[in-house]
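The values are calculated or read from the model by the stated rules, or taken from the named source; none is laboratory data. Just so we're clear, the structure is a prediction, and the values are computed from it rather than from any experiment. Here the Cβ is made from the backbone with ideal geometry for all residues, glycine too, and neighbour counts use every protein chain on show. In case anyone asks, the SASA skips ligands and DNA or RNA and just uses the protein heavy atoms, side chains included. Shrake-Rupley method; radii C 1.70, N 1.55, O 1.52, S 1.80 Å.
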Amino acid sequence: MTMAGSNTEPPKPLWLLAELTYSCPLQCPYCSNPVDIAKYKQELTTDEWIRVFREARAMGAAQLGLSGGEPLVRQDLEILIAEARKLGFYTNLITSGVGMDEDRIKAFKKAGLDHIQVSFQASDEELNNFIAGTDAFEHKLEMARLVKKYDYPMVLCFVLHRQNQEQVAQILDLAAALEADYVELAATQYYGWAMLNRDALMPTREQVKKAEAVAHEYQKKMQGKMKIYYVVPDYYENRPKACMNGWGSVFLTISPDGTAVPCHAASTLPGLTFPNVKDHSIEYIWNDSEDFNKFRGYGWMKEPCKTCPEREKDFGGCRCQAYMLTGDARNADPVCSKSPHHGELLDKLTQLEAAAEKNEKPLVFRNMPNSRKLLKGVSLN
């Protein structure tokens with residue numbers, strides 16, 4: 001099947017994200033995992049994941065991300081890493097560090113793991129443990145030091161939101177003290193649990209402005225010592241990001257149950273029935289499945305994207321965000337100033353800033369025993 005609106009074959013999936021499990025010992029309210037995680041209990045077996053790796057590698061995939069949930073929950077993780085190494089993948093473990101110790105890091109090294117990214121919730125123990133829902137801060141510090149000890153690139157990730165947006169200087173001081181090589185100041189992406197908690201997590205415009213200034217200051221100060229990545233939250237931009245470098249263009253995500261999606265949030269879109277690796281090969285899924293071709297190319301676009309000179313740069317922005325904010329995945333991402341819905345987004349931001357001052361909505365933590373009750377009747381629009 002050719003790309004929608006073109007006569008060219010689909011590009012190759014270069015980046016495979018294996019969401020090994022949605023199980024996680026943490027309770028982060030900004031988690032982008034699906035809110036209905038209970039339906040993903042039938043996880044792929046070790047052999048099924050190895051087949052996925054083999055087929056994706058044959059399609060051209062070169063980089064493999066091992067994530068979750070918390071991938072350390074999988075007791076076969078070392079086996080999966082070793083098999084991926086044999087296939088020639090560059091492997092990246094994306095983890096909270098909870099469930100890891102020195103012996104396991106040694107085992108990962110022996111298996112051929114290339115890269116470990118450790119996430120923190122904040123720069124201080126109290127807020128970190130509150131957001132994580134568990135006393136994990138000191139353990140994370142220990143794991144970060146061990147990652148450095150065993151000669152992995154020191155990569156730290158801090159997800160920013162209203163609760164920790166003003167900690168950027170302290171966060172970067174902590175990263176420097178840990179001798180981090182790379183620090184990702186990742187703006188919360190409002191999908192899954194994060195979308196549910198958007199009103200309580202969305203930073204104010206003033207917070208974003210100050211955080212950006214601090215990040216740029218540290219980028220200059222730490223030049224040549226520590227690479228710092230800071231991205232302004234989508235909602236505060238005037239131009240949309242090239243989400244996943246275009247639908248079905250580079251990234252392939254496999255959910256714990258084997259569902260294949262072009263990005264980790266695509267399952268939120270209604271009317272799409274994504275294929276499963278238990279039923280189809282990666283080659284069929286990537287090249288021929290209807291939903292992987294749904295938003296490829298430019299033929300699906302409506303105005304203003306259809307004739308926009310920027311469409312080959314931003315691909316109309318994020319389909320999931322367009323759906324969640326406008327109700328139609330074919331609309332231009334409302335982040336874009338050219339979108340007819342951009343004004344509605346600005347109005348929503350004004351409402352969220354007002355709500356921030358009142359602090360009316362409590363956080364709903366994932367894995368909470370009573371979270372099911374709290375979710376009843378909640379609107380995500």
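When the range 257-271 is filtered for residues that are touching a residue at least 40 places away in the same chain (Cβ under 8 Å), of a type outside the set (G, A, S) and within 21 Å of M195 (Cα to Cα), the ones remaining, listed by number, are C263, H264, T268, L269, P270.
With respect to the conditions (1) farther than 22 Å from Y323 by Cβ; (2) touching a residue at least 60 places away in the same chain (Cβ under 8 Å); (3) open to solvent by 10 Å² or more (accessible area, probe 1.4 Å); (4) in a loop (DSSP other than H, G, I, E, B), Y298 falls short on a single one, namely (1).
Tell me yes or no: at least one residue of the range 47-57 is under 23 Å from the mean Cα position of the chain (by Cα) and within 26 Å of V183 (Cα to Cα). Looking for residues that are under 23 Å from the mean Cα position of the chain (by Cα) and within 26 Å of V183 (Cα to Cα), one finds none in the range 47-57, hence no. Filtering the range 304-336 to residues that are surrounded by 23 or more Cβ atoms within 10 Å (Cβ to Cβ), assigned to a loop (DSSP other than H, G, I, E, B) and among the hydrophobic types (A, V, I, L, M, F, W, C) leaves F315, C318, A329, A332, V335, C336. Taking R239, is it open to solvent by 10 Å² or more (accessible area, probe 1.4 Å) and among the charged types (D, E, K, R)? Against the criterion (open to solvent by 10 Å² or more (accessible area, probe 1.4 Å) and among the charged types (D, E, K, R)), R239 qualifies.
For the range 250-277, what are the residues that are part of a loop (DSSP other than H, G, I, E, B), of a type in the set (G, A, S) and modelled with pLDDT under 95? Once the filter is applied, which keeps residues that are part of a loop (DSSP other than H, G, I, E, B), of a type in the set (G, A, S) and modelled with pLDDT under 95, the range 250-277 yields A265, G271.
Can you find a residue that is open to solvent by less than 20 Å² (accessible area, probe 1.4 Å) and in contact with a Pro (Cβ under 6 Å, 6 or more places away or on another chain) anywhere in the range 179-191? Yes: the range 179-191 contains one or more residues that are open to solvent by less than 20 Å² (accessible area, probe 1.4 Å) and in contact with a Pro (Cβ under 6 Å, 6 or more places away or on another chain). Picking from residues in the range 337-373 that are assigned to a loop (DSSP other than H, G, I, E, B) and touching a Cys at 6+ places or on another chain (Cβ under 8 Å), the one that is modelled with the highest pLDDT is K338. Please verify whether R162 is at pLDDT 95 or above, among the basic types (K, R) and open to solvent by 10 Å² or more (accessible area, probe 1.4 Å), treating the condition exactly as stated. Taking the combined requirement at face value, the residue does not satisfy it.
Checking the structure you have, find out if any residue of the range 46-59 is in contact with a Lys or Arg (Cβ under 8 Å, 6 or more places away or on another chain), open to solvent by less than 40 Å² (accessible area, probe 1.4 Å) and modelled with pLDDT of 95 or more. Yes, that holds for at least one residue.
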